[in-house]
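Quick note: the coordinates plus some simple rules give every number you see, no bench work behind them. All figures in this text were calculated on a predicted structure; none of them were measured in a lab. For neighbour counting, all protein chains shown are included, and Cβ atoms are generated from backbone atoms with ideal geometry for every residue, glycine included.
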Amino acid sequence: MTATTLNFVMVNVLVKYVGNALPIFESAFLRFALGLVFFIPFIGQVRQVDFTRRIVKLSVGRAVFHAFAMVAWFYAMTRIPMAEVTAMNFMNPVYVSLGAVVLFGERIALPRIAALGIAFLGGLVILRPGLREIDPGHVAMIFSALFFAGSYLIANALSKELPAAVVVFLMSAMVPFVLLPFALADWVAPSFREIGLLFFTAFFATAAHYCMTRAFACAPQTVLQPVTFVQLVWATSVGYFLFGEGIDGFVIAGGAMIIAAVSFITWREAWRKRRA
């Protein structure tokens, strides 16, 4: 899980280096298109799938959610510090929990409601509305986390019918088709440097997801969830040393509140399952 956090921070670093050199939709498109090479080994598993109408609809829906989540995230990376992007991204599990309640009628008890409330307070500590100007990058990250939550909820539904590798392959293969029309509308010829940066972005993103899968196979989420907070430490350090970004105590405190709340929810769900 520590390797996962390092890989995700490397993704952030490379996206930061690309910056505004390319239009946002084009950068997101190239990140996924170039990354398809890493999924060639899964083609055999994909060919064995019986693609029902439901699977196709869910896969397309997930690709749309994930595509716009990535675009909002790429935009945020050009506007606000890495540490703030990372800390606000910790809200994904919170939105997933709320989505499960709203969309699937999942029951929610008072301790979980309290934990979600603490997580939202953590988000407010990071944003500090009224105490500073809210940048469009902050708004983009709110929508990014919401779109990612939608993607993860659909992925959860698909994982009950398909192998995990196939679920990831379908998302990675469909997202470029969603982004292509927007990318072509404002296409700028990328340099070899930009292609290289986005290729390695795809590499580190794939490595992060692989490491995460291996971590989940080795230990329960209750053990792994707190480790994700290390990603904020990496992001803050890298942002400071590579990009001259200041160290914001409010971001650290808010991120810690969110991770503590998410870790409590994860621990409580695992405890309930053991009792059941």
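Brief remarks follow.
- R0 of 22 Å, Cβ-Cβ distance THR52-ASN156: FRET efficiency to nearest 0.05: 0.80
- Span-like helix ranges in the chain, DSSP H, alpha carbon extent 27 angstrom or more, Kyte mean at least 0.0: 53-77, 136-159, 164-185, 192-218, 249-275
- Charge dipole of the chain about the Cα centre (unit charges at C-beta), most positive-ward option of TRP187, ALA260, ASN89: ALA260
- Computed extension gain for ILE43 through ALA217, at 0.36 nm per residue and net of the alpha carbon distance, reaches 60.4 nm.
- Cα gyration tensor, the stretch 1-120 - rounded (a/c under 1.5), prolate or oblate: oblate
- Förster-model FRET efficiency, 30 Å R0, ALA189 and PHE243, C-beta, rounded to 0.05: 0.70
- Residues ASP248, ASP50, ranked from the fewest to the most other C-beta atoms within 10 Å, line up as ASP50, ASP248.
- Percentage of interatomic Cα-Cα distances in the stretch 134-276 larger than 17 Å: 77
- Charge dipole magnitude, Cβ of K and R +1, D and E -1 - the chain, Cα centre, debye nearest 20: 1000
- Spatial separation of Cα centroids for the stretch 21-68 and the stretch 213-261, in angstrom: 27
- Straight-distance crosslink candidates among aspartates and glutamates, where the alpha carbon sits under 15 Å from LYS160 and sequence neighbours closer than 8 are dropped: ASP50
- Positive-end extreme of charge dipole, the chain - chosen from THR2, VAL125, VAL139 (charges on Cβ): THR2
- Here the alpha carbons of the stretch 26-67 define both size measures, Rg and Dmax, at 12.4, 33 Å.
- GLU161, GLU84 arranged by Cβ crowding within 10 Å, fewest neighbours leading: GLU161, GLU84
- For the stretch 133-276, size of Cβ-based charge dipole, Lys and Arg +1, Asp and Glu -1, in debye: 940
- Prolate/oblate/rounded call for the stretch 60-150, Cα gyration tensor, a/c under 1.5 rounded: oblate
- Semi-axis lengths, largest first, of the ellipsoid equivalent to the chain are 27, 26, 17 Å, with √(5λ) applied to each eigenvalue of the Cα gyration tensor.
- Taking the fewest neighbouring Cβ atoms within 10 Å as the starting point, the ordered list for TRP187, TRP234 is TRP187, TRP234.
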